[in-house]
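Some notes on the structure that comes next.
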Amino acid sequence: MPNFGILFFPGSNCDHDCYHAIRKILGQPCDFIWHEEICLEGIDCVVIPGGFSYGDYLRAGAISRFSPVMKPLGELAKLGVPIIGICNGFQILVESGLLPGAFIHNSSLKFVCRWTNVRIEDPDTPFTCLLDKGQILKLPVANAQGNFVLSPDRDNIEEWRIVLRYCGEDGELNAEANPSGAEDNIAGITNSRGNVLGMMPHPERGFESLLGSEDGRKMFESVISWIDSRNVAGKAV
């Protein structure tokens with residue numbers, strides 16, 4: 001079974017949500033990784049949870065990028081190890097340069113906490129390999145700086161891919177479905193290789209029907225299947 005590592009910082013507050021989803025519900029090995037760690041050996045998938053690392057001072061994720069763990073995390077990314085940054089984790093990946101773009105305040109200038117629908121744009125990643133293009137997932141968001149923006153040259157679009165877009169119940173893209181005002185209704189992107197995913201919605205909060213949706217499980221079941229298939233084939237992750 002894949003060994004998951006949950007990377008957390010001072011101010012992270014969704015680390016135990018992720019642990020509950022991965023360890024308690026999916027039954028996968030899972031350990032917490034403090035941000036001062038300098039060795040990530042033996043980790044098959046890194047999860048960077050949401051929260052308010054360092055209180056979101058300066059900008060969300062801006063201080064976390066200087067943590068010691070970011071160097072070995074970058075090395076894992078180059079090796080193709082699956083990494084998922086959720087909400088604040090996405091912001092940290094952007095600030096560290098592992099993903100392009102930037103985050104600004106939501107277009108409403110308010111903290112937004114609500115259910116959203118997201119459409120699968122790219123099923124060819126470790127986190128979407130069991131999903132279909134155009135498939136819609138119901139996932140919650142909770143952020144104040146979730147407005148994803150790109151530079152005029154779209155930050156070298158050949159180096160990254162759109163994986164998730166906010167959409168209506170029927171898959172249509174419109175402003176009403178976009179909780180933050182993010183550019184092109186973007187809810188999640190990966191690097192060009194597809195192994196580093198950043199997404200603003202919280203899949204770990206969509207694991208149990210009691211909470212309103214089980215759709216988040218599909219993304220973690222995808223990465224488990226992807227890692228297992230690579231191990232069976234004798235390939236390095």
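Just so you know, all these numbers are worked out from the coordinates, no wet-lab data involved. Since this is a predicted model, take the numbers as computed values, not measurements. With ideal geometry, Cβ positions are generated from the backbone for all residues, glycine too; neighbour counts draw on all protein chains shown.
So here's what we get for this one:
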{"item": "Kirkwood hydrodynamic radius (C-alpha pairs) into Stokes-Einstein, the range 128-237, 10 °C and 1.306 mPa s, D in µm²/s", "result": "104"}
{"item": "Compactness of the range 38-126, expressed as Rg and Dmax over alpha-carbon positions, Å", "result": "14.2, 42"}
{"item": "Mean Kyte hydropathy of 1.0 or more with a Cα span along the axis of at least 24 Å, helices from DSSP in the chain", "result": "none"}
{"item": "Burial order of peptide ranges 85-97, 23-35, 55-67 (average beta-carbon count within 10 Å, highest first)", "result": "85-97, 55-67, 23-35"}
{"item": "Set of aspartates and glutamates with alpha-carbon distance to residue 71 below 17 Å, sequence-local pairs under 8 removed", "result": "36, 37, 41, 44, 95"}
{"item": "Stretchable slack from residue 113 to residue 231, in nm (0.36 nm times residue separation minus alpha-carbon distance)", "result": "38.7 nm"}
{"item": "In Hz, Karplus ³J(HN,Hα) per residue of the range 19-33 (6.51, -1.76, 1.60; θ = phi - 60°; x = Gly, Pro)", "result": "4, 4, 5, 7, 7, 7, 8, 8, x, 9, x, 7, 10, 7, 10"}
{"item": "Reference-scaled alpha-carbon Rg (2.2 N^0.38 Å with N residues) for the chain", "result": "0.92"}
{"item": "Calculated [θ] (222 nm, deg cm²/dmol) that DSSP helices of n ≥ 4 give over the chain, each run adding -39,500 (n - 2.57)", "result": "-5000 deg cm²/dmol"}
{"item": "Rounded to whole Hz, the Karplus (6.51, -1.76, 1.60) HN-Hα couplings of the range 206-211, x for glycine and proline", "result": "x, 10, 9, 4, 4, 8"}
{"item": "Whole-Å distance, taken between Cα centres, linking the range 171-236 and the range 1-61", "result": "16"}
